[in-house]
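The following block contains the structure, expressed as structure tokens.
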Amino acid sequence: MLSSIATRERSWCTMHNLLFFSWLRIRRRLFWLMILGTALLISSAFFGITKWQLQEENTTVVRQLDRGSDSLGMALYNVPPKPAKVPPDQIVYWQIIEAKKVLLVAMHRASQAKTAGDEHAFLRQHIALLQAAQKLNHYQPGVAAAYMSLDAPTIAKELKQDKFLRSTGQTLITSTYSLAPRALITRLWQLLLCPPILIFLLVGLNWLWRDDFDTNAHQFLLIHVRHRRQVVSENIVSTVAATGVFGLVSTAVLWMLGALFGRNEAIRWLYPLSPQVSLGQQAISLALFTLPAIVCLAAIVQGSTLLLHHLSTRIAVLVIVAAGGTFLPLAPHWNPFNQLGQTLLAWQTPVNNWTAGILLGIAIVLMMLVSILLNHRNNRLAD
Amino acid sequence: MTDSIFQIQNLSFAYHRQVIYGQANLTLTDPGVYGLIGPNGSGKSTLFNLITRLLRPAKGTISLDGTVLTPARVFASVAYAQDSSVLYPYLTGRDHLRFVAKQHGVARERIKLLSDELEVTDFIDRRVARLSLGQKQRLLIALALLPESRLLLMDEPLNGLDPDSVIIIRDLLEAFKTSDQIVIVSSHNLDELDKVTDRLIFKVDHGLSLETVAEGAEARYAKLYRHPRKKLVHHA
Amino acid sequence: MIQLELIKLWRQNKLLPGILVLLICMIGSIEASLYFQNQSVNTAIQYSQTNLAIFKVSADKRWAEGWLPDVKTDYKSYENQLTDLQHRNRSAMTTDALTSYSTPTPYLLYTGFDITQGLHAGENEATHQELLYLHRYHIGSMIPVTIRTNPETAGTNNIPANEAEVFQNLSTRYYECGWWQIWFWAIAGGLLVSLAIINLFFGDILASEWEGSTDRTRWLRLQNETHTKLILTKLAVHFGLSCLLLGLALGLFLLYAWLRTGLGDLRYPVQTWALGKRVVSFYNWMTANAEANYFYPLHIVFIPLARYLGQLSVFWVSLLFLNSTVTLLVNRILHIRLLALLTMVIVPLLGLVLPTSIYNPFTYLKGDWVITNYLGYLLNQRAPVFPWVVGIMIAAGAVCLGLTLVPLSHRGGVHFD
């Protein structure tokens, strides 16, 4: 009993010392500065690209609305004056004309609100527009589609969502681009956790391991640890910490940029991305995946460093493996890589959270494999 | 069976299909300093890497005090002064020493003691990248001496040392002669080796041969390895 | 010195893995095209069968006493489309599609009878022209037959939301033959991906000379080799090897494609934009003429694929030159090997995510837009932009080279020692 406590204490001391040594290495090479700089750069670039994409998307929305209102305008141009007393056989006709007028006004105002960047007003006009389209479809089924490319079930679905958004004080996200902080950071994490991207990031952030095993320095480390698995575990911890710092800084920067420039939008965690999943649920799923994904891919990077000497080949193999695991249609529902890839491509797709457990299992197995490899591997730099 | 302290039995190892060791045997029964001699590329560093489990032998065992050396046992009982490429160029000597001291549970005072003894103190807070080869060698020896190990391996410790430093290392090795530790020193500086020990381990073919050499290391080396060769001719 | 550089790269084991990775991506791309094409054809067959059944039921109901002769002809035509699709008969599909596109209300059986009404007349017009071209030169169409669209008009088509998937099927092509795949890469940003792969292997060509505090260029200087000669040698090696790597990978890929699916017809029509007279639309909708002249003074012209690929090769080589000079400049600034390598991999990939804009330099690197002169339309140019873009790329490369050649004091650049 006493000896097991002593062993545990010794292990903790070793781990503590190894971690401190890693921190020294990070500090002395100004690696922390590079992490911060890259985080700043990536989050700013992400924000810039999103802003740009959103602008393009808004322009398209305005163009579509204008095209619809132009068509409607042309349709209403030759309408004769409404008689004071509408004959019974013309009642429906005039109801259609009225609905078209309402639709035209709503489309025009929605376009103006979008151009002015008033997202709350846009939502109000969008609701008015959908209601008018619904009314129009009621009098003349399917006719609204000619002006706004929406069929009746889609109009009903969007109207329901819009009303919910209005009642909760939120604004509308047309596709995936939004400058609201919550939406921004969810998108960022979806991007960062997509395996081909994350592996690329970890190739950089797992510098300590590469610095050891691409040089003779690993001999120094291996000689001075009781168990080589301690080196593996310590590196995983430091990689997770480095990635964590990177993620937190990026998130904080992005949040600030969102808070500064995305004030015209109001997006809460309960924003419904689809009837099945909200923004908050998606964020929770991502949080569940974060640690297993980092550990798993860090272990893959560790293994590849031990097995593949050439840096370029190593990165190529890593990216191909990660991209293959993510995008090849192999058991997609139970493939955690595929789930992470899907959520980036279509953020409204619900994630199978159980696969985070599978990912954790894979991560632990991979860590063990790397430990075994380290014990059985010959030093490739021997003379 | 003799009471061996350190034993290598039937050691076989090949690297890139080139056999380095084939059924090599070595038994050391007494503590003290031993020289390890062999031509360049013959596998002296490889032997040290095999002892410290940085390399895995294809066959055979290496044991210390009757126990087979595993990574954990190496950590507890073997110290290894490697070549200077194992040091982190951007860390200082003190960073390295503190790390090793903590790993082995050695008191900090010992760092001071050894630094003074090996005259490392002057450059202990300088980054390794800015140290001369001799300074790095002294730092590596200090690192190896921090934990008190049963077996001490020194890979070319005299490389790049100035005469004063050579004297320091020579004095140190002299002290080991009377300790209960085994010290194996690989070196091409046969004169210096002669001064500290006459027990030499030669790498012959794929094996190891322990000899007590009275005629001097240089003469034995010439007999074992030196082939007649053409003299270099300088053209004006 | 060039020999030394080549030996270094060979020993670093960069050439063969580089070709292999490029080849894997190329083969992956064609295999993915075939996989999705198969899915698309199956979906098209299903849709066709459904549409045919609907047509039959409604026709039976309407003409219970017996179908009129033109209804019978229509039905026969629909049936032919389905049979040809099932047999993947390219030339027959071209003829069928041309027949159905030569009516005032063009359609394709598997997309239903209404969808083309929501398209720009220009798109229908271009599709009609393409089918005529295919028919005239007896070229089998890609399967399934799709409409000719472009980013400008595709964004404003009036497609009902419930038919978005149908529109997707109607406008997505699968370039399943060798030459066609190369065309596809030019459209889909494959040029930038190939640059990223080349940079993954050669992106640190200069930075690899510096490692921590080691500066290997000092050794070269001792051999009386100047900085200028070093940079020019590196440039020659980088550019030469980039061309060689890509050329070899393309050669091997074409061999694979030839054995797998064939190389495809080099006369295949490619949609381009050129100056021309106003088009009088074949169709008689109210806005048909206006929409057919959407790009005026430019209008849609079809050129053979061989000409397109010839221009593409010039564009590609210029792009490789620019890439080589940018790599050297970045390496000159960033002395950290991994950082230089990752930067040079990420930079071309940025082109795939940055939105299209005249302010985005990557917009000018879209090979397809430059060659087809779609970029000319975006920039309001009457003359073809191809020679200008290629000239500017070479000039930009020369500027980068000039900047790289500027000697910096000591070991200028970013270090973290």
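The values are calculated or read from the model by the stated rules, or taken from the named source; none is laboratory data. What you see is a predicted model, and the numbers here were worked out from it, not measured in a lab. Positions of Cβ are backbone-derived with ideal geometry, glycine not excepted, and every protein chain shown enters the neighbour counts. Just the protein is used for accessible areas: all its heavy atoms, side chains included, with ligands, DNA and RNA removed. Shrake-Rupley method; radii C 1.70, N 1.55, O 1.52, S 1.80 Å.
Do we find a residue being of a type in the set (Gly, Ala, Ser), touching a strand residue (DSSP E or B) at 6+ places or on another chain (Cβ under 9 Å) and in a helix (DSSP H, G or I) anywhere in the stretch C:291-307?
Scanning the stretch C:291-307 turns up at least one residue that is of a type in the set (Gly, Ala, Ser), touching a strand residue (DSSP E or B) at 6+ places or on another chain (Cβ under 9 Å) and in a helix (DSSP H, G or I).
Next question, about the same structure. From the list A:ARG166, A:ARG124, which residue is under 22 Å from A:ARG63 (Cα atoms) and either open to solvent by 80 Å² or more (accessible area, probe 1.4 Å) or out of contact with any helix residue (DSSP H, G or I) (no Cβ under 6 Å at 6 or more places or on another chain) (or both)?
Among A:ARG166, A:ARG124, only A:ARG124 is under 22 Å from A:ARG63 (Cα atoms) and either open to solvent by 80 Å² or more (accessible area, probe 1.4 Å) or out of contact with any helix residue (DSSP H, G or I) (no Cβ under 6 Å at 6 or more places or on another chain) (or both).
Please go through (1) among the small types (Gly, Ala, Ser); (2) open to solvent by 40 Å² or more (accessible area, probe 1.4 Å); (3) part of a helix (DSSP H, G or I) for C:ALA383 and return the number of the only condition it doesn't satisfy.
The number of the failed condition is (3).
Has the stretch A:213-229 got at least one residue that is more than 14 Å from chain B (Cβ to nearest Cβ) and open to solvent by 30 Å² or more (accessible area, probe 1.4 Å)?
Scanning the stretch A:213-229, I find no residue that is more than 14 Å from chain B (Cβ to nearest Cβ) and open to solvent by 30 Å² or more (accessible area, probe 1.4 Å), so the answer is no.
Scanning for something within 13 Å of chain A (Cβ to nearest Cβ) and out of contact with any Lys or Arg (no Cβ under 9 Å at 6 or more places or on another chain), does the stretch B:21-39 turn up at least one residue?
no
Of all residues being open to solvent by 10 Å² or more (accessible area, probe 1.4 Å) and assigned to a helix (DSSP H, G or I) in the stretch B:138-163, which is nearest to B:GLN103 (Cα to Cα)? Just the residue, please.
Top of the filtered list is B:LEU145.
Can you tell me which of (1) open to solvent by less than 70 Å² (accessible area, probe 1.4 Å); (2) in contact with a Phe, Trp or Tyr (Cβ under 9 Å, 6 or more places away or on another chain) is the one C:SER58 doesn't meet?
(2)
Of all residues in the stretch A:31-46, count the ones that are within 14 Å of chain B (Cβ to nearest Cβ) and either aromatic (Phe, Trp, Tyr) or open to solvent by 70 Å² or more (accessible area, probe 1.4 Å) (or both).
3
Looking only at residues that are at pLDDT 85 or above and open to solvent by 50 Å² or more (accessible area, probe 1.4 Å) in the stretch C:340-357, which one is farthest from A:ILE35 (Cα to Cα)?
C:LEU352
Across the stretch B:67-85, what is the number of residues that are more than 8 Å from every other protein chain (Cβ to nearest Cβ) and without any contact (Cβ under 8 Å) to a residue 40 or more places away in the chain?
The number of residues fulfilling the criteria is 5.
Kindly state which helices (runs of 4 or more DSSP H) lie completely within the stretch A:171-247 and contain at least 3 residues that are touching a helix residue (DSSP H, G or I) at 6+ places or on another chain (Cβ under 8 Å) and within 30 Å of A:LEU270 (Cβ to Cβ).
Because the criterion is at least 3 residues that are touching a helix residue (DSSP H, G or I) at 6+ places or on another chain (Cβ under 8 Å) and within 30 Å of A:LEU270 (Cβ to Cβ), the helices (runs of 4 or more DSSP H) in the stretch A:171-247 that meet it are A:181-192, A:195-205.
Which residue is nearest to C:ILE197 (Cα to Cα), if the candidates are limited to the stretch C:1-24 and must be at the interface with chain A (Cβ under 10 Å from one of its Cβ atoms) and not in a helix (DSSP H, G or I)?
It comes out as C:LYS14.
When the residues of the stretch A:307-355 are filtered to those that are over 21 Å from C:ALA196 (Cβ atoms), aliphatic (A, V, I, L, M) and free of Cβ contacts under 8 Å to residues at least 12 places away in the same chain, which remaining residue is least open to solvent (accessible area, probe 1.4 Å)?
A:ALA346
Away from every other protein chain (no Cβ under 11 Å), at pLDDT 90 or above and open to solvent by 70 Å² or more (accessible area, probe 1.4 Å): does that describe A:ARG8?
Spelling it out, it is not the case that A:ARG8 is away from every other protein chain (no Cβ under 11 Å), at pLDDT 90 or above and open to solvent by 70 Å² or more (accessible area, probe 1.4 Å).
Which one of B:LEU114, B:LEU50, B:LEU54 is within 14 Å of chain A (Cβ to nearest Cβ), crowded, with 17+ Cβ neighbours inside 10 Å, part of a helix (DSSP H, G or I) and at negative phi?
B:LEU50
Sticking with this structure for a sec: Taking only pairs six or more apart or across chains, which ones have beta-carbon atoms under 7 Å, a first residue in the stretch A:16-30 that is facing another protein chain (nearest Cβ under 7 Å), and a second residue that is basic (Lys, Arg)?
Taking only residues 6 or more apart or on different chains, the pairs are A:ASN17/B:LYS102.
Can you tell me which residues in the stretch B:1-31 are crowded, with 19+ Cβ neighbours inside 10 Å and of a type in the set (Gly, Ala, Ser)?
B:ALA24
Tell me yes or no: at least one residue of the stretch B:164-171 is open to solvent by 10 Å² or more (accessible area, probe 1.4 Å) and in contact with a Ser or Thr (Cβ under 8 Å, 6 or more places away or on another chain).
The answer is no, given that none of the residues of the stretch B:164-171 is open to solvent by 10 Å² or more (accessible area, probe 1.4 Å) and in contact with a Ser or Thr (Cβ under 8 Å, 6 or more places away or on another chain).
Continuing with this model, one more query. Could you list, ordered by first residue, the pairs with Cβ atoms under 6 Å in which the first is in the stretch A:84-108 and in the same structural domain as A:GLY142 (by TED's automatic domain parsing) and the second is loosely packed, with under 15 Cβ neighbours inside 10 Å and of a type in the set (Val, Ile, Thr), at least 6 apart or interchain?
Sorted first by the residue in the stretch A:84-108, then by its partner, the pairs are A:TRP94/A:VAL86; A:ILE97/A:VAL79.
When you look at A:ARG210, is it within 14 Å of chain B (Cβ to nearest Cβ), open to solvent by 20 Å² or more (accessible area, probe 1.4 Å) and among the charged types (D, E, K, R), yes or no?
Taking the combined requirement at face value, the residue satisfies it.
How about the stretch C:171-267: which helices (runs of 4 or more DSSP H) wholly inside it have at least 1 residues that are open to solvent by less than 20 Å² (accessible area, probe 1.4 Å), within 14 Å of chain A (Cβ to nearest Cβ) and touching a residue at least 40 places away in the same chain (Cβ under 8 Å)?
Here the list reads C:190-202, C:227-260.
Here's the yes/no breakdown for (1) within 14 Å of chain C (Cβ to nearest Cβ); (2) open to solvent by 10 Å² or more (accessible area, probe 1.4 Å); (3) free of Cβ contacts under 8 Å to residues at least 24 places away in the same chain; (4) not in a helix (DSSP H, G or I):
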{"site": "A:VAL249", "(1), (2), (3), (4)": "no, yes, no, no"}
{"site": "A:LEU254", "(1), (2), (3), (4)": "no, no, no, no"}
{"site": "A:LEU257", "(1), (2), (3), (4)": "no, yes, no, no"}
{"site": "A:ARG268", "(1), (2), (3), (4)": "no, yes, no, yes"}
{"site": "A:ALA298", "(1), (2), (3), (4)": "no, no, no, no"}
